[in-house]
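Heads up: the structure comes next, in structure tokens.
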Amino acid sequence: MPTQLKPGDAAPDFEALTTDGHKVSLSDYRGKKLVMYFYPRDDTPGCTKQACSLRDNLAPIASKGASVLGVSTQGPESHQAFTRKYGLNFPLLADVDGKVGRAYGVLGGDGLLSKLKSAVGMADRVTFVIDENGRIQHVIGKPDVGRHADEVLDLL
């Protein structure tokens with residue numbers, strides 16, 4: 001059963017490869033805010049809207065001291081194609097073994113839909129705003145994909 005992280009909790013540490021094949025971990029973001037959003041699949045309608053909303057508003061998000069990191073279970077090759085196709089300007093984390101998703105409670109939940117999604121390696125759509133000290137500041141459990149950046153900016 002996944003953990004239900006809430007504001008004030010320590011964000012679980014992670015290490016995985018990004019779009020460009022570099023390893024990153026939570027400690028790489030110490031001293032700045034991190035908008036870490038989990039999404040089901042590259043290049044699907046809702047995931048594309050969400051990524052493009054963040055892409056188009058990366059400068060205002062960065063001006064508030066935050067970085068953006070997208071996370072799904074596809075590998076670096078899929079993330080590279082998705083990034084190229086839509087001109088994404090932030091890294092995507094390749095959580096191919098699902099360890100990051102399980103640590104954040106977005107992969108492998110209760111209920112039939114969560115079990116089916118987990119069986120095919122799809123995470124729930126959830127965004128965590130992590131503060132400069134590695135603590136969860138906000139959780140957006142049901143992001144509005146088309147205006148997700150606005151939701152994030154309202155919380156930063």
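Just so it is clear, none of the values below were taken in a lab; they were calculated from the coordinates. These figures come from a predicted structure and were not determined experimentally. Cβ placement follows ideal geometry from the backbone for every residue including glycine, while neighbour counts extend to all protein chains displayed.
Just one residue in the set Ala59, Ala51, Ala11 is crowded, with 19+ Cβ neighbours inside 10 Å, within 13 Å of Ala149 (Cα to Cα) and of a type in the set (A, V, I, L, M, F, W, C); that residue is Ala51.
Entry remark, the stretch 34-47: residues being surrounded by 20 or more Cβ atoms within 10 Å (Cβ to Cβ) and charged (D, E, K, R) number 1 in total.
Taken over the stretch 54-108, the criterion of being more than 21 Å from Leu155 (Cβ to Cβ) and among the aromatic types (Phe, Trp, Tyr) is satisfied by Phe82, Tyr86.
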